[in-house]
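The values are calculated or read from the model by the stated rules, or taken from the named source; none is laboratory data. What you are looking at is a predicted structure, and each value in this text was computed from that prediction instead of being measured. Glycine also receives a Cβ, built like all others from the backbone with ideal geometry; neighbour counts cover every protein chain displayed.
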Amino acid sequence: MDSIQKLAKENTLIRASLYGVSFLIIWFYNSILFDQTEFEIVFFYYVVWNYFVVLLNQLTIEIIVFKIKSTLRWLILIVSLVVLYFVSVFLLVYPLKWLNYFRPDDERIEVIFNRFFFPSIEGAFSVLGLSWSTGQLYFHLFILLIGTFIIRYVQSMKKIVALQIMNANLELDLLKSQIHPHFLFNTLNNLYRLVMDVPQAGEVVLKLSDLLRFSLYESNTESISLGKEIEFLEDYIGLEKIRHHSHVQIAYDFESVQNRDKRIAPLIFINFVENAFKHGVNNTVKESWVKIILEQTNDMVIFKIANSKIGNRMTKKGVGGQGLANVRRRLDILYYGKYDLEILDEGSVYQVNLKIEL
(Lines give C-alpha, C1' and ligand atoms only; values in the text may rest on other atoms or scores of the structure.)
Protein backbone atom coordinates (compact mmCIF):
# COMPACT_ATOMS: atom_id res chain seq x y z
CA MET A 1 0.00 0.00 0.00
CA ASP A 2 1.54 3.36 -1.04
CA SER A 3 1.66 6.46 1.14
CA ILE A 4 -1.40 8.09 -0.47
CA GLN A 5 -3.54 5.01 0.21
CA LYS A 6 -2.26 4.87 3.79
CA LEU A 7 -3.24 8.51 4.28
CA ALA A 8 -6.73 7.81 2.92
CA LYS A 9 -7.15 4.86 5.29
CA GLU A 10 -5.84 6.90 8.22
CA ASN A 11 -8.23 9.73 7.35
CA THR A 12 -11.19 7.29 7.36
CA LEU A 13 -10.23 5.93 10.79
CA ILE A 14 -9.80 9.41 12.28
CA ARG A 15 -13.13 10.62 10.91
CA ALA A 16 -14.86 7.51 12.25
CA SER A 17 -13.34 8.23 15.68
CA LEU A 18 -14.53 11.85 15.48
CA TYR A 19 -18.09 10.74 14.67
CA GLY A 20 -17.98 8.24 17.54
CA VAL A 21 -16.84 10.88 20.05
CA SER A 22 -19.55 13.27 18.78
CA PHE A 23 -22.22 10.63 19.38
CA LEU A 24 -21.00 10.11 22.96
CA ILE A 25 -21.08 13.87 23.61
CA ILE A 26 -24.67 14.08 22.31
CA TRP A 27 -25.61 11.10 24.48
CA PHE A 28 -24.05 12.71 27.55
CA TYR A 29 -25.71 16.07 26.88
CA ASN A 30 -29.18 14.54 26.47
CA SER A 31 -28.66 12.38 29.55
CA ILE A 32 -28.20 15.55 31.61
CA LEU A 33 -31.06 17.38 29.87
CA PHE A 34 -33.59 14.57 30.43
CA ASP A 35 -32.14 13.45 33.77
CA GLN A 36 -31.49 9.99 32.36
CA THR A 37 -29.75 7.69 34.84
CA GLU A 38 -30.20 4.31 33.16
CA PHE A 39 -30.44 2.92 29.64
CA GLU A 40 -33.84 3.23 27.99
CA ILE A 41 -34.49 2.26 24.35
CA VAL A 42 -36.83 5.20 23.64
CA PHE A 43 -34.26 7.65 24.95
CA PHE A 44 -31.59 5.89 22.85
CA TYR A 45 -33.70 6.38 19.71
CA TYR A 46 -33.99 10.08 20.41
CA VAL A 47 -30.22 10.41 20.88
CA VAL A 48 -29.66 8.63 17.54
CA TRP A 49 -32.19 10.98 15.94
CA ASN A 50 -30.43 14.01 17.44
CA TYR A 51 -27.14 12.67 16.08
CA PHE A 52 -28.68 12.19 12.63
CA VAL A 53 -29.86 15.82 12.54
CA VAL A 54 -26.38 17.05 13.50
CA LEU A 55 -24.81 14.90 10.76
CA LEU A 56 -27.34 16.22 8.24
CA ASN A 57 -26.18 19.76 8.94
CA GLN A 58 -22.49 18.86 9.01
CA LEU A 59 -22.54 16.93 5.73
CA THR A 60 -24.57 19.65 3.98
CA ILE A 61 -22.14 22.37 5.06
CA GLU A 62 -19.12 20.25 4.13
CA ILE A 63 -20.49 19.47 0.65
CA ILE A 64 -21.27 23.13 -0.05
CA VAL A 65 -17.90 24.40 1.20
CA PHE A 66 -15.65 21.76 -0.37
CA LYS A 67 -17.54 20.37 -3.36
CA ILE A 68 -19.41 23.29 -4.94
CA LYS A 69 -17.11 25.39 -7.15
CA SER A 70 -19.66 28.05 -8.12
CA THR A 71 -19.06 31.71 -7.27
CA LEU A 72 -22.47 31.62 -5.55
CA ARG A 73 -21.21 29.03 -3.06
CA TRP A 74 -21.41 31.31 -0.02
CA LEU A 75 -24.89 32.55 -0.94
CA ILE A 76 -25.99 28.93 -1.29
CA LEU A 77 -24.45 28.22 2.14
CA ILE A 78 -26.33 31.08 3.83
CA VAL A 79 -29.66 30.07 2.28
CA SER A 80 -29.03 26.43 3.20
CA LEU A 81 -28.23 27.36 6.82
CA VAL A 82 -31.51 29.27 7.17
CA VAL A 83 -33.51 26.37 5.70
CA LEU A 84 -31.61 23.85 7.81
CA TYR A 85 -32.33 25.84 10.96
CA PHE A 86 -36.10 25.54 10.60
CA VAL A 87 -35.92 21.92 9.48
CA SER A 88 -33.58 21.03 12.35
CA VAL A 89 -35.68 22.78 15.02
CA PHE A 90 -38.76 20.89 13.85
CA LEU A 91 -36.89 17.57 13.69
CA LEU A 92 -35.45 18.02 17.18
CA VAL A 93 -38.50 19.37 19.01
CA TYR A 94 -41.44 17.52 17.51
CA PRO A 95 -40.17 14.01 18.46
CA LEU A 96 -40.41 15.11 22.11
CA LYS A 97 -44.15 14.72 21.71
CA TRP A 98 -43.55 11.14 20.65
CA LEU A 99 -41.12 10.70 23.56
CA ASN A 100 -43.74 12.05 25.94
CA TYR A 101 -46.21 9.48 24.63
CA PHE A 102 -43.96 6.63 25.78
CA ARG A 103 -43.17 8.33 29.09
CA PRO A 104 -46.44 10.04 30.10
CA ASP A 105 -45.44 10.24 33.74
CA ASP A 106 -42.25 12.15 32.99
CA GLU A 107 -43.21 15.77 33.61
CA ARG A 108 -39.72 16.93 32.62
CA ILE A 109 -40.22 15.89 28.99
CA GLU A 110 -43.62 17.57 28.85
CA VAL A 111 -42.21 20.77 30.31
CA ILE A 112 -39.32 20.77 27.82
CA PHE A 113 -41.70 20.16 24.93
CA ASN A 114 -44.03 22.98 26.00
CA ARG A 115 -41.08 25.34 26.43
CA PHE A 116 -39.40 24.62 23.11
CA PHE A 117 -42.24 23.86 20.70
CA PHE A 118 -42.46 27.00 18.59
CA PRO A 119 -45.70 27.46 16.63
CA SER A 120 -44.36 30.57 14.86
CA ILE A 121 -41.21 31.88 13.17
CA GLU A 122 -40.80 34.47 15.95
CA GLY A 123 -40.71 31.66 18.48
CA ALA A 124 -38.02 29.81 16.59
CA PHE A 125 -35.82 32.92 16.75
CA SER A 126 -36.63 33.69 20.38
CA VAL A 127 -34.13 33.30 23.20
CA LEU A 128 -35.63 29.90 24.05
CA GLY A 129 -35.56 28.81 20.43
CA LEU A 130 -31.94 29.82 19.96
CA SER A 131 -30.89 28.24 23.25
CA TRP A 132 -32.58 24.95 22.28
CA SER A 133 -31.00 24.84 18.83
CA THR A 134 -27.61 25.79 20.28
CA GLY A 135 -27.67 23.06 22.91
CA GLN A 136 -29.17 20.31 20.76
CA LEU A 137 -27.55 21.17 17.44
CA TYR A 138 -24.99 23.93 17.00
CA PHE A 139 -22.76 23.06 19.96
CA HIS A 140 -22.29 19.52 18.59
CA LEU A 141 -22.15 20.78 15.00
CA PHE A 142 -19.38 23.22 15.93
CA ILE A 143 -17.30 20.41 17.45
CA LEU A 144 -17.84 18.21 14.36
CA LEU A 145 -16.94 20.97 11.89
CA ILE A 146 -13.85 22.07 13.79
CA GLY A 147 -12.71 18.45 14.02
CA THR A 148 -13.39 17.90 10.30
CA PHE A 149 -11.47 21.02 9.26
CA ILE A 150 -8.51 20.09 11.46
CA ILE A 151 -8.48 16.56 10.00
CA ARG A 152 -8.61 17.91 6.45
CA TYR A 153 -5.79 20.35 7.14
CA VAL A 154 -3.52 17.77 8.80
CA GLN A 155 -4.19 15.22 6.05
CA SER A 156 -3.48 17.79 3.33
CA MET A 157 -0.15 18.62 5.00
CA LYS A 158 0.73 14.92 5.22
CA LYS A 159 -0.27 14.46 1.59
CA ILE A 160 2.01 17.31 0.52
CA VAL A 161 4.93 15.73 2.40
CA ALA A 162 4.17 12.31 0.88
CA LEU A 163 4.06 13.84 -2.61
CA GLN A 164 7.36 15.63 -2.03
CA ILE A 165 8.99 12.34 -1.01
CA MET A 166 7.41 10.57 -4.01
CA ASN A 167 8.62 13.28 -6.41
CA ALA A 168 12.14 13.11 -4.95
CA ASN A 169 12.22 9.35 -5.51
CA LEU A 170 10.92 9.73 -9.07
CA GLU A 171 13.55 12.35 -9.85
CA LEU A 172 16.26 10.06 -8.47
CA ASP A 173 15.03 7.16 -10.59
CA LEU A 174 14.93 9.44 -13.64
CA LEU A 175 18.52 10.59 -13.10
CA LYS A 176 19.67 6.98 -12.74
CA SER A 177 18.04 5.98 -16.02
CA GLN A 178 18.97 8.95 -18.20
CA ILE A 179 22.35 7.72 -19.40
CA HIS A 180 20.79 5.14 -21.71
CA PRO A 181 18.08 7.42 -23.22
CA HIS A 182 20.73 10.08 -23.95
CA PHE A 183 22.85 7.53 -25.75
CA LEU A 184 19.82 6.34 -27.72
CA PHE A 185 18.85 9.91 -28.57
CA ASN A 186 22.30 10.71 -30.00
CA THR A 187 22.36 7.43 -31.89
CA LEU A 188 18.99 8.20 -33.49
CA ASN A 189 20.28 11.55 -34.72
CA ASN A 190 23.22 9.81 -36.39
CA LEU A 191 20.91 7.15 -37.83
CA TYR A 192 18.63 9.82 -39.32
CA ARG A 193 21.52 11.26 -41.31
CA LEU A 194 22.23 7.79 -42.70
CA VAL A 195 18.65 7.08 -43.85
CA MET A 196 17.65 10.52 -45.18
CA ASP A 197 17.55 9.08 -48.72
CA VAL A 198 14.85 6.59 -47.64
CA PRO A 199 11.80 8.82 -46.88
CA GLN A 200 9.76 6.39 -44.77
CA ALA A 201 12.76 5.21 -42.76
CA GLY A 202 13.78 8.82 -42.17
CA GLU A 203 10.26 9.70 -41.04
CA VAL A 204 10.27 6.85 -38.51
CA VAL A 205 13.62 7.89 -37.07
CA LEU A 206 12.63 11.56 -36.96
CA LYS A 207 9.35 10.88 -35.15
CA LEU A 208 11.05 8.52 -32.72
CA SER A 209 13.67 11.17 -32.05
CA ASP A 210 10.95 13.74 -31.37
CA LEU A 211 9.22 11.36 -28.96
CA LEU A 212 12.44 10.77 -27.09
CA ARG A 213 13.25 14.49 -26.97
CA PHE A 214 9.82 15.20 -25.51
CA SER A 215 10.18 12.41 -22.91
CA LEU A 216 13.67 13.54 -21.87
CA TYR A 217 13.35 17.31 -21.84
CA GLU A 218 9.92 18.82 -22.42
CA SER A 219 7.92 16.54 -20.12
CA ASN A 220 10.12 17.17 -17.05
CA THR A 221 7.97 20.11 -15.94
CA GLU A 222 4.81 20.40 -13.87
CA SER A 223 2.78 21.44 -16.90
CA ILE A 224 3.05 21.91 -20.65
CA SER A 225 0.82 23.46 -23.28
CA LEU A 226 -1.92 21.35 -24.83
CA GLY A 227 -0.28 22.05 -28.17
CA LYS A 228 2.94 20.30 -27.07
CA GLU A 229 0.98 17.34 -25.72
CA ILE A 230 -0.93 17.08 -29.00
CA GLU A 231 2.30 17.15 -31.04
CA PHE A 232 3.62 14.31 -28.91
CA LEU A 233 0.45 12.27 -29.44
CA GLU A 234 0.52 12.96 -33.20
CA ASP A 235 4.12 11.72 -33.45
CA TYR A 236 3.24 8.55 -31.55
CA ILE A 237 0.12 7.92 -33.66
CA GLY A 238 2.15 8.58 -36.81
CA LEU A 239 4.59 5.84 -35.86
CA GLU A 240 1.75 3.42 -35.19
CA LYS A 241 0.27 4.23 -38.61
CA ILE A 242 3.55 3.35 -40.28
CA ARG A 243 3.92 0.19 -38.22
CA HIS A 244 0.39 -1.17 -38.76
CA HIS A 245 -0.06 -0.03 -42.37
CA SER A 246 -3.57 -0.10 -43.82
CA HIS A 247 -5.05 -3.09 -41.95
CA VAL A 248 -5.65 -0.85 -38.92
CA GLN A 249 -8.02 2.11 -39.28
CA ILE A 250 -6.56 4.90 -37.15
CA ALA A 251 -8.60 8.09 -36.79
CA TYR A 252 -7.90 11.04 -34.51
CA ASP A 253 -9.39 14.50 -34.11
CA PHE A 254 -7.68 17.27 -32.13
CA GLU A 255 -9.39 20.15 -33.93
CA SER A 256 -11.86 20.87 -31.12
CA VAL A 257 -9.10 22.23 -28.89
CA GLN A 258 -9.92 25.93 -28.59
CA ASN A 259 -6.75 27.05 -26.81
CA ARG A 260 -3.57 25.07 -27.43
CA ASP A 261 -1.69 27.29 -24.97
CA LYS A 262 -3.77 25.94 -22.08
CA ARG A 263 -1.51 24.23 -19.52
CA ILE A 264 -1.87 20.57 -18.55
CA ALA A 265 0.27 17.95 -16.81
CA PRO A 266 2.48 16.16 -19.38
CA LEU A 267 1.98 12.54 -20.50
CA ILE A 268 -1.57 12.26 -19.13
CA PHE A 269 -3.08 10.67 -22.24
CA ILE A 270 -0.26 8.59 -23.71
CA ASN A 271 -0.84 5.53 -21.53
CA PHE A 272 -4.36 5.12 -22.88
CA VAL A 273 -3.10 5.49 -26.46
CA GLU A 274 -0.37 2.91 -25.88
CA ASN A 275 -2.90 0.46 -24.42
CA ALA A 276 -5.22 0.90 -27.39
CA PHE A 277 -2.49 -0.22 -29.81
CA LYS A 278 -0.72 -2.69 -27.54
CA HIS A 279 -3.73 -4.62 -26.24
CA GLY A 280 -6.39 -3.80 -28.81
CA VAL A 281 -4.64 -3.75 -32.17
CA ASN A 282 -1.69 -6.07 -31.61
CA ASN A 283 -3.92 -8.84 -30.28
CA THR A 284 -6.39 -8.59 -33.15
CA VAL A 285 -5.94 -10.82 -36.16
CA LYS A 286 -8.66 -9.23 -38.30
CA GLU A 287 -8.96 -5.62 -39.40
CA SER A 288 -9.16 -3.36 -36.39
CA TRP A 289 -9.56 0.30 -35.55
CA VAL A 290 -8.59 3.02 -33.09
CA LYS A 291 -10.42 6.32 -32.65
CA ILE A 292 -9.03 9.21 -30.58
CA ILE A 293 -10.72 12.55 -29.78
CA LEU A 294 -9.37 15.43 -27.71
CA GLU A 295 -11.56 18.45 -26.96
CA GLN A 296 -11.02 21.56 -24.87
CA THR A 297 -13.45 24.32 -23.94
CA ASN A 298 -12.54 26.96 -21.35
CA ASP A 299 -11.16 24.98 -18.37
CA MET A 300 -12.56 21.59 -19.40
CA VAL A 301 -10.57 18.99 -21.37
CA ILE A 302 -12.30 15.87 -22.70
CA PHE A 303 -10.27 12.92 -23.99
CA LYS A 304 -11.94 9.91 -25.62
CA ILE A 305 -10.28 6.84 -27.07
CA ALA A 306 -11.89 3.63 -28.31
CA ASN A 307 -10.47 0.57 -30.01
CA SER A 308 -11.64 -2.78 -31.29
CA LYS A 309 -10.81 -6.00 -29.47
CA ILE A 310 -11.62 -9.68 -29.59
CA GLY A 311 -13.86 -11.05 -26.82
CA ASN A 312 -12.42 -10.62 -23.35
CA ARG A 313 -8.79 -10.80 -24.37
CA MET A 314 -8.03 -7.31 -23.14
CA THR A 315 -9.69 -7.99 -19.83
CA LYS A 316 -7.83 -11.25 -19.33
CA LYS A 317 -4.49 -9.61 -19.95
CA GLY A 318 -5.42 -6.84 -17.54
CA VAL A 319 -5.40 -3.80 -19.78
CA GLY A 320 -3.47 -0.92 -18.33
CA GLY A 321 -2.28 -2.96 -15.35
CA GLN A 322 0.37 -0.99 -13.51
CA GLY A 323 0.28 1.70 -16.21
CA LEU A 324 -3.41 2.43 -15.59
CA ALA A 325 -2.83 2.39 -11.84
CA ASN A 326 -0.05 4.95 -12.29
CA VAL A 327 -2.31 7.17 -14.39
CA ARG A 328 -5.03 7.04 -11.73
CA ARG A 329 -2.47 7.89 -9.06
CA ARG A 330 -1.18 10.86 -11.07
CA LEU A 331 -4.73 12.10 -11.66
CA ASP A 332 -5.50 11.79 -7.93
CA ILE A 333 -2.39 13.78 -7.12
CA LEU A 334 -2.63 16.46 -9.81
CA TYR A 335 -6.39 16.82 -10.33
CA TYR A 336 -8.01 15.47 -7.16
CA GLY A 337 -11.75 16.11 -7.29
CA LYS A 338 -11.38 17.69 -10.73
CA TYR A 339 -11.41 14.69 -13.04
CA ASP A 340 -13.75 11.92 -14.10
CA LEU A 341 -12.33 8.70 -15.57
CA GLU A 342 -14.72 6.21 -17.16
CA ILE A 343 -13.58 2.88 -18.63
CA LEU A 344 -16.05 0.87 -20.71
CA ASP A 345 -15.26 -2.75 -21.62
CA GLU A 346 -18.11 -3.86 -23.85
CA GLY A 347 -17.53 -7.04 -25.80
CA SER A 348 -15.65 -6.07 -28.95
CA VAL A 349 -15.00 -2.43 -27.96
CA TYR A 350 -12.80 -0.94 -25.26
CA GLN A 351 -13.32 2.75 -24.53
CA VAL A 352 -11.87 5.34 -22.15
CA ASN A 353 -13.51 8.68 -21.39
CA LEU A 354 -11.54 11.19 -19.35
CA LYS A 355 -12.66 14.68 -18.29
CA ILE A 356 -10.26 17.05 -16.54
CA GLU A 357 -11.00 20.47 -15.10
CA LEU A 358 -7.81 22.49 -15.50
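Which residue, of Leu191, Leu211, Leu184, Leu175, is out of contact with any strand residue (DSSP E or B) (no Cβ under 9 Å at 6 or more places or on another chain), in a helix (DSSP H, G or I) and modelled with pLDDT of 70 or more?
On the way: Leu191 fails: modelled with pLDDT of 70 or more; Leu184 fails: modelled with pLDDT of 70 or more; Leu175 fails: modelled with pLDDT of 70 or more.
Step by step, each of Leu191, Leu211, Leu184, Leu175 is checked, and only Leu211 is out of contact with any strand residue (DSSP E or B) (no Cβ under 9 Å at 6 or more places or on another chain), in a helix (DSSP H, G or I) and modelled with pLDDT of 70 or more.
Kindly establish whether Leu170 is surrounded by fewer than 16 Cβ atoms within 10 Å (Cβ to Cβ), at pLDDT below 70 and not assigned by TED's automatic domain parsing to the domain that holds Ile61. Quick ask: steps written out before the conclusion?
On the way: surrounded by fewer than 16 Cβ atoms within 10 Å (Cβ to Cβ): yes; at pLDDT below 70: yes; not assigned by TED's automatic domain parsing to the domain that holds Ile61: yes.
Judged against the criteria, Leu170 is a match.
Do any strands (runs of 3 or more DSSP E) lying entirely in the range 214-328 carry at least 3 residues that are crowded, with 19+ Cβ neighbours inside 10 Å and modelled with pLDDT under 75, and which ones are they? Steps first, please.
Details: elements: 248-257, 288-297, 300-308.
Correct list: empty, since no element meets the threshold.
Give me the residue from the range 31-69 that is part of a loop (DSSP other than H, G, I, E, B) and either among the basic types (Lys, Arg) or under 31 Å from the mean Cα position of the chain (by Cα) (or both) and, out of that set, surrounded by the most Cβ atoms within 10 Å (Cβ to Cβ). If you could, list the steps in order and put the result at the bottom.
Going through the range 31-69, the residues part of a loop (DSSP other than H, G, I, E, B) turn out to be 34-40, 67-69.
Imposing the further condition that a residue be either among the basic types (Lys, Arg) or under 31 Å from the mean Cα position of the chain (by Cα) (or both) reduces the set to 67-69.
Working: Lys67: 9, Ile68: 13, Lys69: 9.
Checking each candidate, the answer is Ile68.
Residue by residue through the range 84-99, note down the ones that are β-branched (Val, Ile, Thr) and more than 33 Å from the chain's Cα centre (by Cα).
Those that are β-branched (Val, Ile, Thr) and more than 33 Å from the chain's Cα centre (by Cα): Val89, Val93.
Say whether the condition of being loosely packed, with under 11 Cβ neighbours inside 10 Å and not in a helix (DSSP H, G or I) is met by at least one residue in the range 71-80.
Yes, the conditions are met somewhere in the range 71-80.
Determine whether Ile230 is among the β-branched types (Val, Ile, Thr) and closer than 23 Å to Tyr336 by Cβ. Show your work before the answer.
Working: among the β-branched types (Val, Ile, Thr): yes; closer than 23 Å to Tyr336 by Cβ: no.
No, not satisfied.
For the structure I just gave you, tell me whether Val87 is out of contact with any helix residue (DSSP H, G or I) (no Cβ under 6 Å at 6 or more places or on another chain), modelled with pLDDT of 75 or more and closer than 21 Å to Tyr45 by Cβ.
Values: out of contact with any helix residue (DSSP H, G or I) (no Cβ under 6 Å at 6 or more places or on another chain): yes; modelled with pLDDT of 75 or more: yes; closer than 21 Å to Tyr45 by Cβ: yes.
So Val87 fits the description; yes.
With respect to Ile32, determine if the residue is at pLDDT below 85 and under 30 Å from Asp299 (Cβ atoms).
Values: at pLDDT below 85: yes; under 30 Å from Asp299 (Cβ atoms): no.
Answer is no for this residue.
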